[in-house]
Amino acid sequence: MSQKIVSRIFIKTQKPSQLIGAIIGCFLGFFLIFIAAQLFADFKTMVNSQEQSIGSQFLVVNKQVSVLNSLKLGKSTFSKTEVDQLKSLPSVKRISEFTANQFEAVASMSIPNGESSAAFRTELFMESVGDDFLDVKPDDWYWELGNEMIPMILPTDFINLYNFNFAPGRGLPQLSKATIQLAVFDIDVRGAKGTAHFTGKIVGFSNRISSVLVPKSFMNYANSHYGNNQTAPESYRIIVEAKQQELPKIQQYFKDEGYETNEELLKNGKFGSLLQAILGILAVLGIVVMFVSVSSFILYVQLAISRSKYEIETILRQGYPHIKIVQWYSKQLALIFTIIAVVNLILVWGVKNITNAYLENFGFEAPAQLNIFVIAGGFLLIALLWIVQTLNVRSQIYSLALPNKK
């Protein structure tokens, strides 16, 4: 007696609509869990990326400027006590103080404009900060004593202001970032301790920090050799790496202390926390739907065997091994669950490609491939469900074959 007979018995005694309903319910439950897990993994990758400021973990902080500052009766620098207090906050991971130039620095270059050229000359306000707080890290971002070339990072807004405000009004050509990075310009440094000539080169553009940045090694050297002040430079600005889930707490701290930061970044950080919560809710919903659908599937299998009870008992009395019946059900369940897993992964991959394309429109980049832990976890859940269902079938078939050994 072949397993084709078992197949005929099963098909003859079952209602296809109930089987389809059970499969669809199981499929939807797993899909919600798969997609929530994948989107959450992508979100965490983007949050942890140094190149992407999603979640707004990095906040540039300064004190409010009052009338007293205008009258030179007040100072807006951070004291050592205030810096230490910021460092000790539970919502703060780490901070870095900005170091500003204590000397005059003038940049100049000639920009070709047809047969003539236009001179570009401006006084620079330069700052340096810890390299770990930069959102761009070019290979040539270094300076040591003896180098005439100073690598510089400009804010992205600078090139936008030039291309869309300054250049059109002066009849100058618009410049791409790649073109600007090819240019070399003169930098004249002068202060109470002397003068010096350097050349500057733009090596990157920052979306995080709105300042002309130079390496700390150059800033420390130039302040000590050409600076106008004898004392150590004070910090007017601090960059803070905050814990994303605790941004509301640090926002309240800034408000209480009279500190200022970019409110839009804080709003984006709150949006990131909200998105994490939504994905968590989606995952919980998926678990609930999966639990209900799996329970329904188990009940369906029990009902299917119950409907086929007479036929199964008949073939068992004819000597057909009960283990063969269990194996047949196990194979069918394995086939169903494998199809559910594979189709789910294909759909999740498709949804992921759509969301990736959508994110690219806003300047974010998510991993192109599916998360390996999501794939492994999905197949593990499917395998566990198959084991549970197989044990359930085995128990029922054995109760028919061996009624005295339940």
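The values are calculated or read from the model by the stated rules, or taken from the named source; none is laboratory data. Small disclaimer: the values here were computed from a predicted structure and weren't measured. Ideal geometry is used to build each Cβ from the backbone, glycine not excepted, and the neighbour counts take in all protein chains shown.
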field: Selected residue (criterion: surrounded by the most Cβ atoms within 10 Å (Cβ to Cβ)) from residues of region 239-262 that are of a type in the set (Val, Ile, Thr) and closer than 18 Å to Phe98 by Cα
entry: Val240
statement: By residue number, the members of region 162-205 that are small (Gly, Ala, Ser), part of a loop (DSSP other than H, G, I, E, B) and over 23 Å from Val136 (Cα atoms) are Gly171, Ala192
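How many of the residues in region 252-285 are part of a helix (DSSP H, G or I), at pLDDT below 80 and either within 23 Å of Tyr236 (Cβ to Cβ) or of a type in the set (Gly, Ala, Ser) (or both)?
Within region 252-285, residues that are part of a helix (DSSP H, G or I), at pLDDT below 80 and either within 23 Å of Tyr236 (Cβ to Cβ) or of a type in the set (Gly, Ala, Ser) (or both) number 10.
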query: In region 116-137, which residues are of a type in the set (A, V, I, L, M) and at pLDDT 85 or above?
result: Leu124, Met126, Val129, Leu134, Val136
task: Could you run through region 206-216 and say how many residues are basic (Lys, Arg) and part of a loop (DSSP other than H, G, I, E, B)?
output: 1
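Table: residues versus (1) part of a helix (DSSP H, G or I); (2) crowded, with 16+ Cβ neighbours inside 10 Å.
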site	(1), (2)
Ala304	yes, yes
Ile312	yes, yes
Tyr320	no, yes
Ile323	yes, no
Trp328	yes, yes
Lys331	yes, no
Ile336	yes, yes
Ile339	yes, no
query: If a residue has to be crowded, with 17+ Cβ neighbours inside 10 Å and either within 14 Å of Leu213 (Cα to Cα) or charged (D, E, K, R) (or both) to count, how many in region 85-96 make the cut?
result: 1
message: Can you pull out every residue in region 350-377 that is loosely packed, with under 14 Cβ neighbours inside 10 Å and in a helix (DSSP H, G or I)?
response: Gly350, Asn353, Ile354, Ala357, Tyr358, Glu360, Ile372, Phe373, Ala376
- line: Within region 166-191, residues of a type outside the set (Val, Ile, Thr) and free of Cβ contacts under 8 Å to residues at least 40 places away in the same chain come out as Phe166, Ala167, Pro168, Gly169, Gln174, Leu175, Ser176, Lys177, Ala178, Gln181, Leu182
message: Under 7 Å between Cβ atoms, which residue pairs at least 6 apart in sequence (or on different chains) link something in region 305-334 that is closer than 20 Å to Ile20 by Cβ with a partner that is of a type in the set (Phe, Trp, Tyr) and assigned to a helix (DSSP H, G or I)?
response: Ser308/Phe10; Leu333/Trp386; Ala334/Trp386
message: Looking for something assigned to a helix (DSSP H, G or I), within 29 Å of the chain's Cα centre (by Cα) and surrounded by 12 or more Cβ atoms within 10 Å (Cβ to Cβ) - is there at least one such residue anywhere in region 150-157?
response: yes
